[in-house]
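Values in this text are rule-based calculations from the coordinates and carry no lab data. Bear in mind that the values here come from a model prediction, so they are computed numbers and not experimental data. Cβ sites come from the backbone with ideal geometry, for glycine too, and all protein chains shown count toward neighbours.
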């Protein structure tokens with residue numbers, strides 16, 4: 001008999017060799033019908049895997065992320081079988097589950113896959129799924145695995161197997177199909193009831209531009225057709241909210257091939273939007289005791305060697321800039337923190353002067369691969385709302401909690417109400433990924449977890465997601481379409497102060513090492529604005545939107561009064577403009593709606609005579625004819641209700 005611990009704390013004694021599905025059935029038949037995956041002692045197992053030692057079992061259903069991962073990974077096998085049957089001779093490579101769905105990279109050889117073929121692939125996949133074929137794992141020797149794929153002429157699988165150790169190689173079989181696989185599947189193909197091929201795109205083998213370009217086939221699947229229908233509807237809504245589309249329509253930003261890929265150009269309206277976001281945060285930071293600094297866009301290579309960024313990110317940076325001086329090399333700045341360390345180092349500090357809080361809207365550069373660039377969310381040059389706090393150990397807890405307060409103020413003021421916190425810690429099995437002592441890492445991780453608990457945050461711990469120099473707290477936001485994004489980050493760092501030999505004089509008159517907190521509530525201005533665009537659909541909060549109102553004179557004889565209204569609005573610090581074109585009032589209203597201007601102020605004979613404006617909200621709500629001062633009060637009240645005073 002073995003003892004199996006369940007998440008609710010109960011322990012079941014079962015005969016050795018029992019499977020996770022057997023355990024589920026012993027709990028309830030209803031649970032067993034819904035179980036699609038499992039883990040044992042924190043390792044992914046099949047629902048049919050025999051359990052032979054004491055351990056902790058977690059059963060997953062479609063509602064769990066791990067269950068979805070197994071479901072979509074299994075679906076990638078179904079896709080692979082469908083493609084292999086429809087395109088004989090194609091070479092399969094890898095097919096993982098991703099955040100939403102899965103993909104499979106395929107070398108189609110002489111075949112081609114186009115959008116018109118998607119329906120055929122879907123039908124074949126569903127035909128396979130309906131067979132209710134069991135997924136079965138089996139071990140294969142390295143020699144046999146190599147022999148199989150060499151015989152098939154699949155050099156991609158051969159390359160994968162050559163990098164694996166003998167005794168660790170497993171295959172997954174279902175129906176007539178077999179594939180190299182580590183495991184983690186649903187019980188059988190029949191659980192997949194809905195299947196959709198979403199797109200196909202080019203992808204280099206192993207992400208290397210020097211390798212052959214394959215076809216990456218993206219798909220998604222569900223246990224119910226209704227869920228696929230809802231997902232496809234969400235995708236259509238997402239297309240309407242695509243920040244690249246809205247950015248062009250609202251004239252916020254653009255890109256130029258002559259300037260370079262991944263380097264956004266901000267148009268006047270977009271620049272004004274950025275400026276307001278910056279001023280919003282600067283005002284809050286000033287109240288919180290931050291000091292603004294400015295650092296250059298480049299630094300000597302040695303600066304980033306000292307910080308450790310060159311060793312960790314050198315391959316993702318732009319190549320060093322050589323100057324006329326021999327052996328002198330500079331890098332485009334990949335991070336702001338090394339520069340802020342050097343600012344701290346300009347003079348000695350006493351413990352009485354700490355904490356020091358340096359803030360900067362600093363532009364950094366990283367050479368992202370061209371295939372990974374995506375609008376404003378993945379660029380090569382971006383501006384971080386960076387700040388670094390240098391504090392004593394006694395100050396760390398309070399400083400970290402105050403940064404949490406600031407981050408939540410930013411998110412809530414911009415309409416991001418649905419969020420969870422993610423505590424990203426190191427992967428204990430891969431210490432080579434990180435710098436610094438285990439003792440400092442323990443202290444930093446505990447400081448973040450304790451602060452999250454004390455602030456009452458809904459948080460999860462994610463091993464392996466820490467930065468190389470320290471753990472962090474990330475805010476995971478759900479947007480209006482239910483999609484998750486990472487916005488805002490706070491990190492505790494014991495390592496950079498050591499690498500830059502930062503010190504302060506303590507109350508004992510001895511030199512001590514400060515602790516460093518990295519924080520960026522926006523993350524990057526580019527990515528934040530992209531996500532804000534998609535979250536709001538371009539209907540920004542009233543305090544932020546470039547044009548809060550537009551004055552629409554009904555005819556030419558009302559233009560002078562429209563200009564007087566505009567000046568009065570400007571005196572009330574309301575951002576507005578006049579549409580004096582010789583177009584019908586209906587067309588002016590339609591275009592103002594398309595441009596998502598919150599208020600349309602229509603002026604005609606009655607308004608001119610009475611000194612009023614006729615107010616129409618974006619979306620069609622008619623607020624009637626009111627005085628300009630009353631309208632200004634309405635705008636002010638709406639803004640103040642959104643921007644609550646920042647608590648010191």
Sort 577, 532, 246 by Cβ crowding within 10 Å, fewest neighbours at the top.
577, 246, 532
Peptide ranges 479-492, 623-636 listed from the most packed, as the mean C-beta count within 10 angstrom indicates:
479-492, 623-636
Give the calculated FRET efficiency between residue 347 and residue 292 to the nearest 0.05, with a Förster radius of 22 Å applied to their Cβ-Cβ distance.
0.75
Given the convex hull over the Cα atoms of segment 519-648, what projected area results after averaging over all orientations, in nm²?
9.3 nm²
Could you pull the Rg and Dmax for the chain, using just the Cα atoms, both in Å?
29.3, 93
Take peptides 349-358, 1-10 and line them up by average Cβ neighbours within 10 Å, highest first, as a rough protection proxy.
349-358, 1-10
For the chain, take the longest principal axis of its alpha carbons; what is the angle in degrees between that and the long axis of helix 585-594, to the nearest 10 within 0 to 90?
40 degrees
Fewest-first ordering of 144, 64, 105 by Cβ atoms within 10 Å yields 144, 64, 105
Would segment 179-241 count as rounded, prolate or oblate if I go by the C-alpha gyration tensor, calling it rounded below 1.5 in a/c and otherwise prolate when a/b exceeds b/c, oblate otherwise?
oblate
Can you sort 127, 151, 342 from fewest to most other Cβ atoms within 10 Å of each residue's own Cβ?
151, 127, 342
Given 0.36 nm per residue, what is the gain on full extension from residue 116 to residue 63 after removing their alpha carbon distance, in nm?
15.8 nm
Angle check, please: helix 225-241 long axis (alpha carbons) against the longest principal axis of the chain (alpha carbons), in degrees 0 to 90, nearest 10.
40 degrees
Shape descriptors of segment 388-501 over alpha-carbon atoms, Rg and Dmax in angstrom, are 14.4, 47
Given a Förster distance of 30 Å, report the FRET efficiency between residue 575 and residue 555 from their Cβ-Cβ distance, rounded to the nearest 0.05.
0.75
Rg(Cα) of segment 2-61 divided by 2.2 N^0.38 Å?
0.96
Given 37 °C and 0.692 mPa s, how large is the Stokes-Einstein diffusion coefficient of segment 331-402 in µm²/s, with Rh as the Kirkwood radius over Cα pairs?
228 µm²/s
Return the Rg/Rh value of segment 1-146, two decimal places, where both radii are evaluated on C-alpha atoms and Rh is the Kirkwood radius.
1.05
Using a Förster distance of 41 angstrom, determine the FRET efficiency expected from the C-beta separation of residue 368 and residue 590, and round it to 0.05.
0.55
Quick one: P(r) of segment 253-536 from all Cα-Cα pairs, 5 Å bins, percents rounded to integers, in order of increasing distance.
1, 5, 12, 15, 19, 18, 15, 9, 4, 2, 1, 0
With axes computed from alpha carbons, what is the tilt in degrees of helix 628-642 against the longest principal axis of the chain, rounded to the nearest 10 within 0 to 90?
30 degrees
How far is it, in nm, from the label point at residue 164 to the one at residue 430 when both lie 7 Å from their Cα along the line to the Cβ?
1.9 nm
